[in-house]
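Following: one structure in C-alpha cells, then a few remarks.
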Amino acid sequence: MPDRRAQLDTLRIHLGALVAMLRLDWDCTWTRHFESCLSRAELLAKDAPDQDALNALSGAVMHVFGGMGSFNDYAPWRNGQVIRGMEGLDAASGAVYDAALELRRIDA
C-alpha cells in the first residue's frame, strides 16, 4: 500500500516550488490556481485525508494540463526572453503533474 502522506508531502513540495517560480511572472494567470491547490494540500496535510479527498486534489491539479489554452501553453517570456528564474519551469510543472498522478494511482 502506498504511503499517501509521503505522496501528499511530495506534491506539496513540488507545488511550492512551482508557485514560487510562477510568482516571478506578475502577468501569469495560472499562479492563483496553483496557489489554491497548494493551500488545499496544506489543509489536507493537517488531517488524515481519505482517498476521495486526495483524488479531488489530484484532479484539481491535473485538470489544467493538456488541451488548447491549458497551462501547457503558458510561456514565461518577457521582452523576447525567458523570465529569469523560470528556466526550469518544464521540469517543475512535470514534477507537479507526476506527483498529482501518483497521489491518485491505485495499485493492485
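The values are calculated or read from the model by the stated rules, or taken from the named source; none is laboratory data. Please read these numbers as outputs of a predicted model, since none were measured by experiment. Ideal geometry is used to build each Cβ from the backbone, glycine not excepted, and the neighbour counts take in all protein chains shown.
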When segment 37-71 is examined, which residues are found to be surrounded by 11 or more Cβ atoms within 10 Å (Cβ to Cβ), more than 14 Å from the chain's Cα centre (by Cα) and in a helix (DSSP H, G or I)?
-> L43, L44, A45, Q51, A53
Inter-residue pairs, beta-carbon under 8 Å, first closer than 11 Å to L11 by Cα and outside any loop (DSSP other than H, G, I, E, B) and in segment 88-108, second at pLDDT below 95 and of a type in the set (D, E, K, R), 6+ apart | L103/R4
Would you say L8 is closer than 21 Å to R105 by Cβ and surrounded by 13 or more Cβ atoms within 10 Å (Cβ to Cβ)?
-> yes
Given (1) of a type outside the set (A, V, I, L, M, F, W, C); (2) part of a helix (DSSP H, G or I); (3) at pLDDT 95 or above, index of the condition D25 fails = (2)
How do the pairs read when you match residues in segment 1-19 that are over 15 Å from L101 (Cβ atoms) with residues anywhere that are modelled with pLDDT under 95 and small (G, A, S), using Cβ under 6 Å and keeping only pairs 6 or more apart or on different chains?
-> none
Determine if segment 72-86 includes at least one residue that is in a helix (DSSP H, G or I) and either surrounded by fewer than 16 Cβ atoms within 10 Å (Cβ to Cβ) or at positive phi (or both).
-> yes
